[in-house]
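A short worksheet on the structure shown next.
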Amino acid sequence: MVSAGVYVFDLDGTLVDSVEAHMAAWLEALRALGVNKSWDEVRPLMGLPAHDIARALLPERAGELAALKNKLFLEKYLPLVRAYGDAEVLRLLPRPIAVVTSSSGHVARRVLVAVGLAPHVDLVLGGDEVPRGKPAPDPLYLVSQRLGVDTRDMVVVGDSDYDMEMAQAAGAAAVCIARKTPCRKAQHVIHTLHELLELPVKIFKNPPYETRGP
């Protein structure tokens, strides 16, 4: 067990500006399968694992819908995705750093490579790579196993209540980055990722390693 804090980041809406791109891919995939849904019908589902979104939208063809959505996203919408400027803070934080996302794992890894953040991330877990995705705590338990870190020594940074619920269920600190969607269940709220460098050490059960330089 390492006596240091570990940061666990959400991806979409936290490190990268990609929610609209995912939304567009979902809506196009639905239309291709003969289903018309509005933006307002789909938007509340963002943040859930992709397979759960697909089951909610088209249960009888969920697998087909999820596969088509991922294909459209990677082929058509990925070039529109950009890292937020403050995501550069990843290179200043102690390692290891994990990304836990509701996106499919292979999609998340492609996104991180495309926006240049992959070298700063040690572990990526997609929503299809855990028994239960957000808001269940399962992803953090798997991070704990993979990195040898107690969940109570994790700081989860995300932009939705699904992230906050996952963190609190596992005993981790829950930090909301207030971008487009307000978090109602956060323990701490920040407005830029650079504020992570200034958060009190007491949010960890054990103190983190010293912050690394550029």
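Looking for whichever is under 19 Å from ARG179 (Cβ atoms), small (Gly, Ala, Ser) and part of a helix (DSSP H, G or I) here; the options are ALA24, ALA54, ALA29. Which one fits? When all the criteria are applied, what remains is ALA24.
Among the candidates GLY133, GLY213, GLY158, GLY171, single out the residue that is of a type outside the set (Val, Ile, Thr), buried (at least 20 other Cβ atoms within 10 Å of the Cβ) and at pLDDT below 95. Outline the logic, then answer.
Numbers: GLY213 fails: buried (at least 20 other Cβ atoms within 10 Å of the Cβ); GLY158 fails: at pLDDT below 95; GLY171 fails: buried (at least 20 other Cβ atoms within 10 Å of the Cβ).
When all the criteria are applied, what remains is GLY133.
Of all residue pairs spaced 6 or more apart or on separate chains, those with beta-carbon atoms under 8 Å, a first member in segment 105-119 that is closer than 12 Å to PRO79 by Cα and in contact (Cβ under 8 Å) with a residue 24 or more places away in the chain and a second member that is crowded, with 17+ Cβ neighbours inside 10 Å and of a type in the set (Gly, Ala, Ser) are VAL111/SER18; VAL111/SER103; VAL115/ALA83; VAL115/ALA87.
Starting from residues that are outside any loop (DSSP other than H, G, I, E, B) and crowded, with 19+ Cβ neighbours inside 10 Å, keep the ones in segment 98-119 and report whichever is farthest from the chain's Cα centre (by Cα). Looking at residues that are outside any loop (DSSP other than H, G, I, E, B) and crowded, with 19+ Cβ neighbours inside 10 Å, I get VAL115.
Within segment 120-148, count every residue that is of a type in the set (D, E, K, R) and in a helix (DSSP H, G or I). I'd like the intermediate steps shown before the answer.
First pass over segment 120-148, keeping only residues of a type in the set (D, E, K, R): 122, 128-129, 132, 134, 138, 146.
Filter again for in a helix (DSSP H, G or I), leaving 138, 146.
Final tally of qualifying residues: 2.
Working carefully through the options LYS76, LYS69, LYS37, find the one that is without any contact (Cβ under 8 Å) to a residue 60 or more places away in the chain, surrounded by 21 or more Cβ atoms within 10 Å (Cβ to Cβ) and over 19 Å from VAL121 (Cβ atoms). Steps first, answer last, please.
Numbers: LYS76 fails: surrounded by 21 or more Cβ atoms within 10 Å (Cβ to Cβ); LYS37 fails: surrounded by 21 or more Cβ atoms within 10 Å (Cβ to Cβ).
Exactly one of LYS76, LYS69, LYS37 is without any contact (Cβ under 8 Å) to a residue 60 or more places away in the chain, surrounded by 21 or more Cβ atoms within 10 Å (Cβ to Cβ) and over 19 Å from VAL121 (Cβ atoms), namely LYS69.
The values are calculated or read from the model by the stated rules, or taken from the named source; none is laboratory data. All values reported here derive from a predicted model rather than from experimental measurement. Cβ: placed from backbone, ideal geometry, glycine included. Neighbour counts: every protein chain shown.
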